[in-house]
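See below for the structure under consideration.
The values are calculated or read from the model by the stated rules, or taken from the named source; none is laboratory data. These numbers were taken from a predicted model, which means no experiment stands behind them. In this analysis, Cβ positions are derived from the backbone assuming ideal geometry, glycine residues included, and neighbour counts consider all displayed protein chains.
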Amino acid sequence: MLSIETASLIDFIRRRDAPGADIANADRVIRPADFLTHTSLAGFRDDLAGRSVILATGDHLKTAAALIELDGLARRFVLCPPELDEERLRLVADIVEADAIVYDGDSGPPPLSLGISAPCRLPLEPSPPRRAERIASEWALLTSGTTGAPKLALHNLATLTSAFVGTTGDEAPNWATFYDIRRYGGLQIFLRAVVGGSALTLTSPHEALDDFLARLAGRSVERISGTPSHWRRVLMSGAGRNFQPPYVRLSGEISDAAVLTGLRKRFPDSRIGHAYASTEAGVAFEVTDERPGFPESYLGERNGVVMKLEDGSLRIKSPGSALTYIGRNAPPLRDEQGFVDTGDMVEIRGDRCHFVGRRGGVINVGGAKVHPEEVEAVINLHERVTMSLVRARANPITGALVIADVVLDRGAAKEDAIREDILASCRARLAPYKVPAMIRFVPKLATTVGGKLARSG
Amino acid sequence: MSVRATIISQVEQIAKEQKRAIAPLSDDLPLLESGLDSLCFAILVARLEDAVGVDPFAEAEGGGLPLTFGELVKFYENAVH
């Protein structure tokens, strides 16, 4: 039995006899077992030993390759999402005191010049086994905040795998994810696959949803994860009808009743679970009863994770939590008792805890607080609504008003009648100041590169 | 539709939505006694901005705010013209 405290990814790969499982996007396939004898960092790999590395490879598969190679070799590496511009990349490099960069070797020079510039290339090239002694690498992830100075949370392989190492037994389900593996949600699935020896299917840039779903069906994917926004797109598209995975997982945003019901209709035979996780707090729990929120009984200690509510927000203490933030003037990540404040606001109704929104996302209507997400959850109950975005509109009387942009499903007619229905339902379920003062129907809503509904400000 | 007619129709619509009984909209009706609360007024101002294209409240600097329904109509008429 490998100890996660000392093992690195390559050790988990080495201990398996069958080299079967692969990692694929639309263009290419890599096999973790091949890294025992091959490398994607030909000529540079051993120079990266002990370095602090910026990982800025172009696509998912090169990222996957580099992660397998860097864990246990580099002192520290930063998973940089592709949309990080040069200026922010420079700030990140500064924060982690980077002295090396791994970049996409097939698309021009590195985006940043550091001590060592190592091109990552596929297919793999034969290489002698690693010489350097293995060390416990630090994994630095950008937190999801998109404005202001970049903030990084530091993990290691033990914190990142705490939710599943030792719990999975020998099963190796065939995984897929809509996520980018450079973000926490996608990285979880990547690690499940590599540590557990399962196959993994990833998206390719610019791949149409239909094509991705067809590929998933073709590869007999059994478990797939994405955000509620990813899943709403699937529900809207009507694509990939023949893709019926045994397990569908949501995380990264609030799963409301509408998306859970929609998925139940679309995947009548699948298990549907929504999980709570964040880059800072780690994976906290999964809910499988197909209702929004989570049972109040989850508060307290459960499976090694302790949760509590304080000042309305969920606090988590977990072996999966990040170790610390890094950077100058970085705030403490945990409080004195070791809890991470998630900033996710929770309300208890009956015996159920419901997520109502982010602490910072509150709309202030004349002093009364409105979480956009609680209003969206009501709007999304309408059967013709596929998704909605509730936001503030500045107002000289109350400071702000609640307004909503709503996407209807294809073929929905009689917009005025639908608007009246939605408003009537909001008035029945919400305080007057939470009811949208205006509803605008829009053809689509933007999502972030992380697959979440784009909220401004 | 005139500015006055637009305001009357919006007030009636909002009162209906918010289930509020409103007083007859005579020019000397004090707004505070109209039956509309501040949320209703906030919605009124936002909808009027969309309907007539101006928000005179956002442009008003201190003093000169309307106190009666007649002043409210004039407030918008002056802003539109």
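Key figures for this structure:
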| item | result |
| --- | --- |
| Complete set of residues in the stretch B:38-53 that are crowded, with 17+ Cβ neighbours inside 10 Å and either at pLDDT below 90 or within 14 Å of chain A (Cβ to nearest Cβ) (or both) | B:L39, B:C40, B:F41, B:A42, B:I43, B:L44, B:V45, B:A46, B:R47, B:L48, B:E49 |
| Matching residues, the stretch A:416-441, being away from every other protein chain (no Cβ under 14 Å) and surrounded by 14 or more Cβ atoms within 10 Å (Cβ to Cβ) | A:I418, A:R429, A:F441 |
| Number of the exception - A:C353 against (1) buried (at least 16 other Cβ atoms within 10 Å of the Cβ); (2) farther than 23 Å from A:L314 by Cα | (2) |
| Hits in the stretch A:401-414 (condition: at pLDDT 90 or above and either of a type in the set (G, A, S) or surrounded by fewer than 16 Cβ atoms within 10 Å (Cβ to Cβ) (or both)) | A:A404 |
| Whichever residue in the stretch A:47-78 is hydroxyl-bearing (S, T, Y) and touching a Ser or Thr at 6+ places or on another chain (Cβ under 9 Å) and, among such residues, is nearest to A:F190 (Cα to Cα) | A:T63 |
| Residue among A:D71, A:D85 that alone is at pLDDT below 95 and either in contact with a His (Cβ under 9 Å, 6 or more places away or on another chain) or over 21 Å from A:D27 (Cα atoms) (or both) | A:D85 |
| In the stretch A:395-415, residue nearest to the other protein chains (Cβ to nearest Cβ) [restricted to those that are assigned to a strand (DSSP E or B) and closer than 24 Å to A:R233 by Cα] | A:I403 |
| Scope the stretch A:162-183; condition of a type in the set (V, I, T) and surrounded by 22 or more Cβ atoms within 10 Å (Cβ to Cβ); matching residues | A:T177, A:I181 |
| The stretch B:1-36 - residue that is within 14 Å of chain A (Cβ to nearest Cβ) and surrounded by fewer than 15 Cβ atoms within 10 Å (Cβ to Cβ) and, of those, farthest from the chain's Cα centre (by Cα) | B:K19 |
| Condition check for A:S388: of a type in the set (S, T, Y), closer than 26 Å to A:E290 by Cα and crowded, with 23+ Cβ neighbours inside 10 Å | yes |
| Residue among A:F77, A:F35 that is of a type in the set (F, W, Y), closer than 25 Å to A:T201 by Cα and in a helix (DSSP H, G or I) | A:F35 |
| In the stretch A:222-249, the residues that are modelled with pLDDT of 90 or more, of a type in the set (S, T, Y) and farther than 15 Å from A:R271 by Cα | A:T227 |
| Single condition A:R31 does not satisfy, out of (1) within 20 Å of A:D99 (Cβ to Cβ); (2) in contact with an Asp or Glu (Cβ under 6 Å, 6 or more places away or on another chain); (3) among the charged types (D, E, K, R) | (1) |
| Flag for A:G186 being crowded, with 23+ Cβ neighbours inside 10 Å, of a type in the set (G, A, S), touching an Asp or Glu at 6+ places or on another chain (Cβ under 8 Å) and within 30 Å of A:R359 (Cβ to Cβ) | yes |
| Filtered residues of the stretch A:243-275 (kept if hydroxyl-bearing (S, T, Y) and either farther than 21 Å from A:V378 by Cα or more than 20 Å from the chain's Cα centre (by Cα) (or both)) | A:Y247, A:T261, A:S270 |
| Residue among A:A153, A:A158 that alone is surrounded by fewer than 21 Cβ atoms within 10 Å (Cβ to Cβ), of a type outside the set (V, I, T), under 17 Å from A:A277 (Cβ atoms) and at pLDDT 90 or above | A:A158 |
| Answer residue from the stretch A:296-332, given it is in contact with a helix residue (DSSP H, G or I) (Cβ under 7 Å, 6 or more places away or on another chain) and assigned to a strand (DSSP E or B) and is farthest from A:R352 (Cα to Cα) among those | A:I326 |
